[in-house]
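The values are calculated or read from the model by the stated rules, or taken from the named source; none is laboratory data. Everything numeric in this text was worked out from a predicted model, so none of it was measured. Here the Cβ positions follow ideal geometry from the backbone for every residue, glycine too, while neighbour counts run over all protein chains shown. Just the protein is used for accessible areas: all its heavy atoms, side chains included, with ligands, DNA and RNA removed. Shrake-Rupley method; radii C 1.70, N 1.55, O 1.52, S 1.80 Å.
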Amino acid sequence: MKVVGTGKYLPERIMTNAELEKMVDTSDEWIVSRTGIEERRIAAENESSSSMGTEAARQALQEAGLEPTELDLILLATVTPDAVFPSTACYIQNELGARNAAAFDIQAACSGFLFSLVTAEQYLQSGKYKNILVVGSEKLSSVVDWTDRNTCVLFGDGAGAVVVQPSQGQSKLRAYNLGASGAQHSILYLLNGNTSGPRLADKAGPHFMVMEGQDVFKKAVTAMCRSAMKVMKEAGITADDLTCVIPHQANIRIIDAIADRLGVPAEKRFINVQKYGNISSACIPVALSEARDYYGLKSGDKILLVAFGGGLTWAAAVLEW
């Protein structure tokens, strides 16, 4: 697998911590000290996961030098689809004019982009497809309870995308690990108000996200570290061999805890959580787009990608550029 194009889209509206101070009982100091988040992007009413994903996809296609009609497959990771069905990937296909591409969504919460990237790798290895678009796009502002100070400060909106092709050289997905623990689904979830029945009387309304922050923190650090260690061992590398680590941008304390356990120095930790907050499946593709320029990624550079989300799900991969 070779990444031949990256793209991102962030809404124009910036919501600062100062604005949140006027909405809920919180403070800039409290938010920054516990999460590292200073601001986040909020989509306009007429923006959606499909529209944001389409813009990110157009950038990735332009960089790849491909026309939409050359795409064989579109995979979209999202927990905020435009509709229950059809797949929001189908909306993106239509907007792009990618009439020759199959399209479907993958839902693994914040791990969704890595689940999708690994899925793309299988199609490329089969030899059936040559040009695959992988998108992560979220409008989390639409499912956040803006009266809950424990969750509303964390999330934002945005989209990222990559175009991948079979690799004829050094570039490859050297190792990957995917995991899930459905037994722990109750600490991070978003119910479907139309089908969840009596469970709607739980803790939140039918359309709001629910999260047990402390439990998620502990599970995230443990699962992401274990997954990262597995793929590094499988790839035969150490922290010294890495050009950078791109972790899921959920919380600066989680990022630092993982990097410390892995022995990754500060200069190799790519962090943009302060600008965007947690944008779920869009975190890693947006960060990858930015890290490419920040580190000047070149052939042979090794990147550790690692994520954790509701499900519970987790994933890690070593990508050789």
Can you pull out every residue in region 183-212 that is closer than 14 Å to Thr151 by Cβ, modelled with pLDDT of 55 or more and out of contact with any strand residue (DSSP E or B) (no Cβ under 6 Å at 6 or more places or on another chain)? Ile187, His207, Phe208, Glu212
Which of the residues belonging to region 26-64 are under 13 Å from Phe155 (Cα atoms) and either open to solvent by 30 Å² or more (accessible area, probe 1.4 Å) or basic (Lys, Arg) (or both)? Glu38, Glu39, Arg40, Arg41
Residue by residue through region 47-91, note down the ones that are of a type in the set (D, E, K, R), within 19 Å of the chain's Cα centre (by Cα) and more than 16 Å from Phe104 (Cα to Cα). Glu47, Glu55, Arg58
Give all pairs with beta carbons closer than 6 Å in which a residue from region 110-131 that is in contact (Cβ under 8 Å) with a residue 24 or more places away in the chain meets a residue that is of a type in the set (Val, Ile, Thr) and open to solvent by less than 10 Å² (accessible area, probe 1.4 Å); count only pairs at least 6 apart in sequence or on separate chains. Phe113/Ile284; Ser116/Val134; Leu117/Val134; Ala120/Ile132; Ala120/Val134; Ala120/Val164
Output the number of residues of region 249-279 satisfying the condition of being among the basic types (Lys, Arg), surrounded by fewer than 17 Cβ atoms within 10 Å (Cβ to Cβ) and either under 18 Å from the mean Cα position of the chain (by Cα) or at pLDDT below 95 (or both). 1
Here the residues within region 245-268 that are more than 21 Å from Gly309 (Cβ to Cβ) and either touching a residue at least 60 places away in the same chain (Cβ under 8 Å) or of a type in the set (Gly, Ala, Ser) (or both) are Gly263, Ala266
Among the residues of region 102-161, write down those that are under 16 Å from the mean Cα position of the chain (by Cα) and more than 18 Å from Ser48 (Cα to Cα). Ala108, Ser111, Leu114, Phe115, Ser116, Leu117, Val118, Thr119, Ala120, Leu133, Leu154
Please specify each residue of region 168-198 satisfying the condition of being surrounded by 16 or more Cβ atoms within 10 Å (Cβ to Cβ) and assigned to a loop (DSSP other than H, G, I, E, B). Ser171, Leu191
Suppose we keep only residues that are of a type in the set (S, T, N, Q) and open to solvent by 20 Å² or more (accessible area, probe 1.4 Å) within region 212-248. Which one would you say is farthest from the chain's Cα centre (by Cα)? Thr238
Considering only residues that are out of contact with any helix residue (DSSP H, G or I) (no Cβ under 6 Å at 6 or more places or on another chain), of a type in the set (Lys, Arg) and within 19 Å of Arg292 (Cβ to Cβ), which ones fall in region 234-269? Lys268
Quick check on region 68-90. Is at least one of its residues out of contact with any Phe, Trp or Tyr (no Cβ under 6 Å at 6 or more places or on another chain), acidic (Asp, Glu) and either at pLDDT below 95 or within 17 Å of Leu117 (Cβ to Cβ) (or both)? no
From Gly169, Gly112, which residue is touching a strand residue (DSSP E or B) at 6+ places or on another chain (Cβ under 9 Å) and modelled with pLDDT of 95 or more? Gly112
Complete set of residues in region 1-22 that are open to solvent by 10 Å² or more (accessible area, probe 1.4 Å) and more than 26 Å from Ile254 (Cα to Cα): Met1, Lys2, Val3, Val4, Glu12, Arg13, Lys22
Among the residues of region 139-165 satisfying the criterion of being part of a loop (DSSP other than H, G, I, E, B) and open to solvent by 50 Å² or more (accessible area, probe 1.4 Å), which is farthest from Leu319 (Cα to Cα)? Thr147
